[in-house]
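Laboratory data are not the source of any read-out in this text; all were calculated from the coordinates shown. Everything quoted here is computed from the prediction, not taken from an experiment. So basically every Cβ, Gly included, is an ideal-geometry build from the backbone, and we count neighbours across all protein chains shown.
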Amino acid sequence: MRGLWHHVALAALGVGAAWWVYRAGDAEERSDEEVVVLECESSALRAFELVTKQRRTRVEARGGQGGTERYFWVTVERTPEQGERTRESFVGSKNAEELAGRLAPLRAIRSLGEVQRNLLSELKLEGAETHLVIECGGKTHRYALGETTFGSGDRYARLANGGPVFLLSSEIVRDLESAEFRLMQRELHRFERREVETVLVKAHGREQTLLQRHRLDPDRAEWVDADTPDQRNELYGNWLDRVGRLRVQSYLAPDAAPGSDLTESAGRTTVVEIAYRDPRGRQLGRLELVRVDAAEPQYYARTETTRGWVKVLRSVAQQVDDDARPVVGLDPVTRTEAPTTRSDGGTASDSRLPAPTSVTTPGAASPSASGSSHAGHAH
């Protein structure tokens, strides 16, 4: 109950201060409107970060010059009281772009105006351990973040060197507090499939150009061999659907090579390369998928969106790897199950039990064959 009354008192303080500001006649800080805390043009925003005692999350704008696409690079540094310091970096998703939009300009739900020092302590703005830092137009603005409001979780804030108190939306802080879950770019591409007319697939020393017919109609869209567009084969669409299910598990360090995160690894093989083009022949994106042989093979990808190498889910990547063979006109992969040891010391390959069976990768039909070839089914 004490905690409840504490939040009720803070809420009353906020309402009362906002009403006082409104009555004072400050048109920009009316209680029923958002307040502009920091004027900042989107193009001038260089970085923003949330700093706490054990964590620092920095979001930095990159690119945007010389015709390059602007994107956001996120770095999370953790300094726990016990254990090793960790650092993780990754490309920001559309959520990161939206968050940047809420910070340039920075708006608050309302202003509470100047608050007496004893109330600053109640709001936990005196000696605050959490700060929001915004770099805009060559200047750095540092805001102390204090107590949260009851129910909504919005945060009280003010410039670290003093000034009026504002109430910031909980979304700003929440996204930065869990950036690795909310702000990481997980998809390998950002373009829509309907934008793609052709893909060039390179695998196992061969090439195959695929054409998407009826690309603007999701119910009729289908992938065919560009050389024989009137001949149906579901193999291509099923395989590209599987490629589309590849997702980022984790980002490697900038400029790191596939397998650099493993303690032991062997050879590195380029599994498949894909170039996506629009109806004008312009490249929308690219995908390079590689396999690193280890105790269990690991797969890594690099695209126009990830910039560097990322680790992808092995189970999906393995199927993409296997099914690429029939896509480029080769025989499908045949896998033999390893013998298993029985309780009596024998193996499943003994004459007393059936021998291992050959498992043929789905999609075994020749790419030139018509009809259904279910390459998209799970192994």
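Between E171 and E195, what is 0.36 nm times their sequence separation minus the Cα-Cα distance? Round to one decimal in nm.
Working: separation 24, 0.36 × 24 = 8.64 nm, distance 3.24 nm.
Residue separation times 0.36 nm, minus the Cα-Cα distance, leaves 5.4 nm.
Largest first and in whole Å, what are the equivalent-ellipsoid semi-axes of region 266-316 based on the Cα gyration tensor, each being the root of 5 times an eigenvalue?
Equivalent ellipsoid semi-axes, largest first: 25, 10, 9 Å.
So who's got an amide H within less than 5 Å of the one on R107, skipping anything under 5 residues away but keeping other chains? H placed 1.01 Å off N, in plane.
For R107, the qualifying residues are V37.
For K311, go through the aspartates and glutamates and keep the ones whose alpha-carbon is under 17 Å away, minus same-chain ones fewer than eight residues off.
E88, E180, E187, D255, D261, E264, E273, E288, D293, E296, D321
Each label point is 7 Å from the Cα along the Cα-to-Cβ direction; what then is the distance between the points at D331 and R280, in nm?
About 4.6 nm separates the two model spin labels.
Rounding to the nearest 20 debye, state how big the charge dipole of region 194-315 is about its Cα centre with +1 on each Lys and Arg Cβ and -1 on each Asp and Glu Cβ. Each step should come with its number before you reach the end.
Numbers: 20 positive and 20 negative charges, 44 e Å.
Dipole size: approximately 220 debye.
Please work out the FRET efficiency for the pair E88 and H214, using the Cβ-Cβ distance as r and a Förster radius of 35 Å; give the result to the nearest 0.05. Write down the numbers at each step before the final one.
On the way: r = 42 Å, r/R0 = 1.20.
Efficiency, from the Cβ-Cβ distance: 0.25.
Given a Förster distance of 30 Å, report the FRET efficiency between S42 and K202 from their Cβ-Cβ distance, rounded to the nearest 0.05. Before the final figure, lay out the partial values.
On the way: r = 38 Å, r/R0 = 1.28.
That gives a FRET efficiency of 0.20.
Which residues in region 41-71 place their backbone N less than 19 Å from a point set 7 Å from the Cα of E77 along the Cα-to-Cβ direction?
46-62
If the convex hull of the alpha-carbon atoms of region 44-157 is projected onto planes in all directions, what is the mean projected area in square nanometres? The partial results should precede the final answer.
Working: hull surface 37.0 nm².
Directional mean of the projected Cα hull area for region 44-157 stands at 9.3 nm².
Among the trypsin sites (Lys or Arg not before Pro) within region 81-165, which fall in a DSSP loop and have no more than 13 other Cβ atoms within 10 Å of their own Cβ? It would help to have the intermediate numbers written out before the result.
On the way: sites: R85, R87, K94, R102, R107, R110, R117, K124, K139, R142, R155, R158; in loops: R85, K124.
Loop-located and lightly packed - R85.
Between region 102-149 and region 225-274, what is the C-alpha centre distance in whole Å?
If we compute the Cα centre of each part, the gap is 45 Å.
Explain nothing, just the number: dipole magnitude of region 123-252 about its Cα centre with +1 on each Lys and Arg Cβ and -1 on each Asp and Glu Cβ, in debye rounded to the nearest 20. Could the numbers behind the result be given before it?
On the way: 20 positive and 22 negative charges, 53 e Å.
Here region 123-252 has a charge dipole of around 260 debye.
Cα gyration tensor of region 149-270, axes a ≥ b ≥ c as square roots of the eigenvalues: rounded (a/c below 1.5), prolate (a/b > b/c) or oblate?
oblate
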